[in-house]
Structure formats: C-alpha cells, structure tokens
Amino acid sequence: MSVYEVLAEPRRREILDLVRGGERTVGELVGLLGLRQPSVSKHLKVLREAGLVASRVDEQRRAYRLTAGPLRELDDWLAPYRQAWSTSLDRLEQHLDEMARDELARPELARDELTRAELARDEPAGDQAGRDGTGRDQTGPDRMARDERGEV
C-alpha cells in the first residue's frame with residue numbers, strides 16, 4: 001500500500017498527529033482516539049508496514065513513534081503545489097498592497113467630496129437652482145401639484 005493510500009484514512013492521519021509529538025503507547029492512543037484497541041492496533045499495523053511509524057516493546061507495552069522517511073516522498077510530491085500556492089499568495093499580497101495605496105489616496109478625495117456636500121447643504125435656498133432638500137424640482141408641474149395638495 002502506498003503512503004498516499006495509507007494516509008487517505010482519517011484515523012491513520014490522526015494517529016500520526018498524535019505520535020508526531022513523541023512516543024505513544026497503544027493504550028494512550030486508544031484513550032485519545034476513543035476507539036477500541038483492536039481497531040487502533042490494525043491502523044498501527046498498516047502505518048508500521050508503510051514505514052510511517054516504528055515501534056518498540058517496553059515490558060508488556062508497545063510504544064509507537066513517527067518515522068519521517070516515507071513522509072519525504074509525500075513532501076517531494078507536494079513541493080510544486082506549495083510553490084504554486086506561494087506564488088498565488090505573493091500575487092494576493094501585491095493586490096492588497098495596491099488596494100492599501102489606493103485607500104490612502106481616497107481619504108483626500110472623500111474629504112473633498114464631503115466638503116462639497118457640506119457647502120451645498122449650507123448654501124441659501126435660492127442658490128440651489130429650484131431644488132428643495134429632497135432633490136425634487138421646486139418649479140413646474142411638480143410644484144403646482146404639491147401646491148394643490150397643500151404640501152408646500
């Protein structure tokens with residue numbers, strides 16, 4: 001069975017995660033995984049046969065530890081994908097930097113727009129070219145209709 005096939009099983013990956021930090025006995029793994037001992041032992045056998053873990057007998061217990069050798073094959077296979085991911089992240093960083101530069105330029109524009117809006121709001125009513133505060137025309141048919149309804 002290849003390393004890829006062995007690692008396709010989630011419980012085996014979980015076991016590798018647990019032995020990555022140091023040796024674990026079968027009993028410890030059973031407790032941490034919440035599985036029955038025969039099931040853990042079967043997974044450990046597959047991992048051992050693939051060379052991903054090594055075991056040693058300590059009195060009546062068997063302790064397992066991670067062996068990195070077969071993981072190098074996986075790491076070598078993943079290398080081009082990491083490079084592609086890194087390139088994508090570099091492009092994202094570049095895009096975000098450009099957005100940040102644009103954002104730094106915008107407050108001045110926004111402040112200018114706000115100033116224009118404040119000036120327009122503060123202009124006397126006669127200077128607003130026939131418009132009320134809602135932007136509706138104060139002259140013509142609209143004004144006459146509002147006059148008839150008593151809205152003005």
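The values are calculated or read from the model by the stated rules, or taken from the named source; none is laboratory data. The structure presented is a predicted model; accordingly, all values stated were derived computationally and were not measured. Note that we place each Cβ from the backbone using ideal geometry, even for glycine, and neighbour counts take in every protein chain shown.
When R48, R24, R36, R11 are checked against the criterion of being modelled with pLDDT of 90 or more and in contact with a His (Cβ under 6 Å, 6 or more places away or on another chain), a single residue qualifies: R11. Of the residues in region 85-93, at least one is among the small types (G, A, S) and either in contact with a strand residue (DSSP E or B) (Cβ under 8 Å, 6 or more places away or on another chain) or loosely packed, with under 12 Cβ neighbours inside 10 Å (or both).
Count of region 29-47 residues, restricted to those that are among the charged types (D, E, K, R) and touching a helix residue (DSSP H, G or I) at 6+ places or on another chain (Cβ under 8 Å), is 1. For the residues A145, A63, A120, the requirement of being among the hydrophobic types (A, V, I, L, M, F, W, C), surrounded by 10 or more Cβ atoms within 10 Å (Cβ to Cβ) and modelled with pLDDT of 80 or more singles out A63. Residue pairs whose Cβ atoms lie under 7 Å apart, separated by 6 or more positions or on different chains, with the first residue in region 61-73 and over 13 Å from D17 (Cα atoms) and the second among the small types (G, A, S) and at pLDDT 85 or above, are R61/G27; R62/S55; A63/S55; G69/G51; P70/A50; P70/G51. Of the numbered criteria (1) loosely packed, with under 14 Cβ neighbours inside 10 Å; (2) of a type outside the set (K, R); (3) touching a Phe, Trp or Tyr at 6+ places or on another chain (Cβ under 9 Å), the one P80 fails is (3).
Residues of region 1-17 that are under 25 Å from the mean Cα position of the chain (by Cα) and not charged (D, E, K, R): L7, A8, P10, L16.
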